[in-house]
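Asks: One structure follows; several queries about it will come next.
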């Protein structure tokens with residue numbers, strides 16, 4: 001399955017969750033429901049995947065991605081009224097830190113589901 005098909009399937013799973021629950025719940029509720037939908041869709045994933053963050057050759061902390069789907073797509077969830085540029089920057093930083101080609105930023109907090117693709121500039125020429 002190519003990345004476009006995979007992101008399409010992930011977004012479809014997120015739409016099922018948003019259609020069933022609407023907005024207004026905490027992020028963790030959407031995360032649990034999305035895990036159910038990803039499983040039902042037959043997609044492999046890791047939830048709360050921890051990754052070390054390095055600066056100047058030393059580890060300075062870690063970050064947990066909400067999901068890594070099929071080992072290739074980072075999925076970051078939000079439950080906000082509206083996505084802002086800072087959330088896109090955060091998702092892009094995670095895609096770079098995890099060294100993945102693509103990520104999805106999905107917001108369940110708006111009246112309509114919001115999702116954005118974020119790309120790792122390292123793979124821009126592929």
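Asks: Can you go through 105, 74, 43 and tell me which one is in contact with a strand residue (DSSP E or B) (Cβ under 6 Å, 6 or more places away or on another chain) and assigned to a loop (DSSP other than H, G, I, E, B)? Give the steps one after another, and end with the answer.
Replies: Details: 105 fails: assigned to a loop (DSSP other than H, G, I, E, B); 74 fails: assigned to a loop (DSSP other than H, G, I, E, B).
Unique residue meeting the criteria: 43.
Asks: Collect the residues in region 48-71 that are closer than 20 Å to residue 102 by Cα and either at pLDDT below 95 or loosely packed, with under 14 Cβ neighbours inside 10 Å (or both), keeping them in residue-number order.
Replies: Within region 48-71, 48, 49, 50, 51, 52, 53, 62, 63, 64, 65, 71 qualify.
Asks: For region 26-40, give me each residue that is surrounded by 16 or more Cβ atoms within 10 Å (Cβ to Cβ) and touching a helix residue (DSSP H, G or I) at 6+ places or on another chain (Cβ under 9 Å).
Replies: 30, 33, 34, 37, 38
Residues are listed down the side, and each one gets a yes or a no for (1) more than 13 Å from the chain's Cα centre (by Cα); (2) under 19 Å from residue 31 (Cα atoms); (3) at pLDDT 95 or above:
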position	(1), (2), (3)
83	yes, yes, no
92	no, no, no
97	yes, no, no
103	no, yes, yes
107	no, yes, yes
123	yes, no, no
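Asks: Take the residues in region 108-126 that are in contact (Cβ under 8 Å) with a residue 60 or more places away in the chain and part of a strand (DSSP E or B), then tell me which one is surrounded by the most Cβ atoms within 10 Å (Cβ to Cβ).
Replies: 115
Asks: Criterion first (surrounded by 17 or more Cβ atoms within 10 Å (Cβ to Cβ) and farther than 19 Å from residue 116 by Cβ) does residue 43 satisfy it? Step through it out loud before you land on a result.
Replies: Numbers: surrounded by 17 or more Cβ atoms within 10 Å (Cβ to Cβ): yes; farther than 19 Å from residue 116 by Cβ: yes.
Here the answer is yes, as residue 43 does meet what is asked.
Asks: Looking at the structure I just gave you, is residue 17 over 13 Å from the mean Cα position of the chain (by Cα), surrounded by 11 or more Cβ atoms within 10 Å (Cβ to Cβ) and touching a residue at least 40 places away in the same chain (Cβ under 8 Å)?
Replies: Taking the combined requirement at face value, the residue satisfies it.
Asks: Something else now. Restricting attention to region 82-102, which residues are assigned to a loop (DSSP other than H, G, I, E, B), farther than 14 Å from residue 7 by Cα and either in contact with a helix residue (DSSP H, G or I) (Cβ under 8 Å, 6 or more places away or on another chain) or in contact (Cβ under 8 Å) with a residue 40 or more places away in the chain (or both)?
Replies: Across region 82-102, the qualifying residues are 98, 99.
The values are calculated or read from the model by the stated rules, or taken from the named source; none is laboratory data. Computed from a predicted structure; not experimentally measured. Note: ideal-geometry Cβ built from the backbone for every residue, glycine included; neighbour counts use all protein chains shown.
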